[in-house]
Amino acid sequence: MIYLEKLFNLKDKVIVITGAKGQLGSKLCNAFKNSETKVVGLDLDTSKGSSMKGVDYMDVNIKKKDEIRDAFITIIKKYKKIDVLINNAGVSTFEPFEDRPEESIDHVMDVNLKGTFFCIQNYVNLFDENKFENGAIINIASVYGIVSPDFRIYTDCERKNSEIYGATKAGIIQMTKYFAVHLAGRNIKVNAISPGGVYNPTNPQGEDFIKNYSFRCPMKRMANDDELLGAAIYLASEAASYTTGQNITIDGGFSSW
């Protein structure tokens, strides 16, 4: 037990999580808070939704690099470090691709790709300025950065996954590999997690969608959001000391067909 505690001990690490008020962001905040870390949750408007005791929240628009830098500087002044950056914030768009306006494409690209890049860029620059010794970056990608959505499962669901969302998530996976290589010499590990379909208990997907997705998935069901947390805890811990440039796909085998 002592060996496991050493491997996965996160006590007093400072974890910064973007998209902290979303479904997965809230779960990540709770998981790391209960692991005795210092958790700072960033989101566009943290007054919305329920807040979690023991989590510091900050309003940050990750499309604006200066806001990110100011937030990171504030965090470092308070906690003296940032051990782990989790780039979880992400958006999509759901119009038919034939009608997709340029504004929707720009918004998805600005948040998912540019926002993630700005967070990494600011983190690395402040890491260097403060002469930190080690760090970790975890990017939340998607199974749809690996495979194309199966349009046949969206029979009763208007939230059809878009080509631009998948393209940005594929970009995040590639960006993960790029920064893993370029930051290894600074002792910063960079990895990604690609979830498959995650059931949303507060805003459930359509019954037919759930049935169709489950049929398409080897494990015959959608994921529960709790099932994504183990990978994040692993990648934030010393157990992952030699793990970088990896994309952990948690999809019940969906992408294995």
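The values are calculated or read from the model by the stated rules, or taken from the named source; none is laboratory data. Being a predicted model, the structure only gives us computed values, none of them experimental. With ideal geometry, Cβ positions are generated from the backbone for all residues, glycine too; neighbour counts draw on all protein chains shown.
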Being among the small types (G, A, S) and within 15 Å of I140 (Cα to Cα) narrows it down to one residue among G19, G54; which is it?
G19
Residue within region 47-57 that is more than 15 Å from the chain's Cα centre (by Cα) and under 13 Å from A89 (Cα atoms) present
no
Can you find even one residue in region 167-181 that is buried (at least 18 other Cβ atoms within 10 Å of the Cβ), polar (S, T, N, Q), within 19 Å of S256 (Cα to Cα) and at pLDDT 95 or above?
no
Residue among S104, S148 that alone is of a type in the set (S, T, N, Q) and crowded, with 17+ Cβ neighbours inside 10 Å:
S104
Being crowded, with 17+ Cβ neighbours inside 10 Å, among the hydrophobic types (A, V, I, L, M, F, W, C) and without any contact (Cβ under 8 Å) to a residue 60 or more places away in the chain is the filter here; which residues of region 215-252 pass it?
C217, M222, A223, A231, I248, I250
Okay, strands (runs of 3 or more DSSP E) sitting entirely in region 1-110 with 3 or more residues that are free of Cβ contacts under 8 Å to residues at least 24 places away in the same chain, I get 55-59
Check F209 against each of (1) of a type outside the set (K, R); (2) out of contact with any helix residue (DSSP H, G or I) (no Cβ under 7 Å at 6 or more places or on another chain); (3) in contact (Cβ under 8 Å) with a residue 40 or more places away in the chain; (4) not in a loop (DSSP other than H, G, I, E, B) and name the one condition it does not meet.
(2)
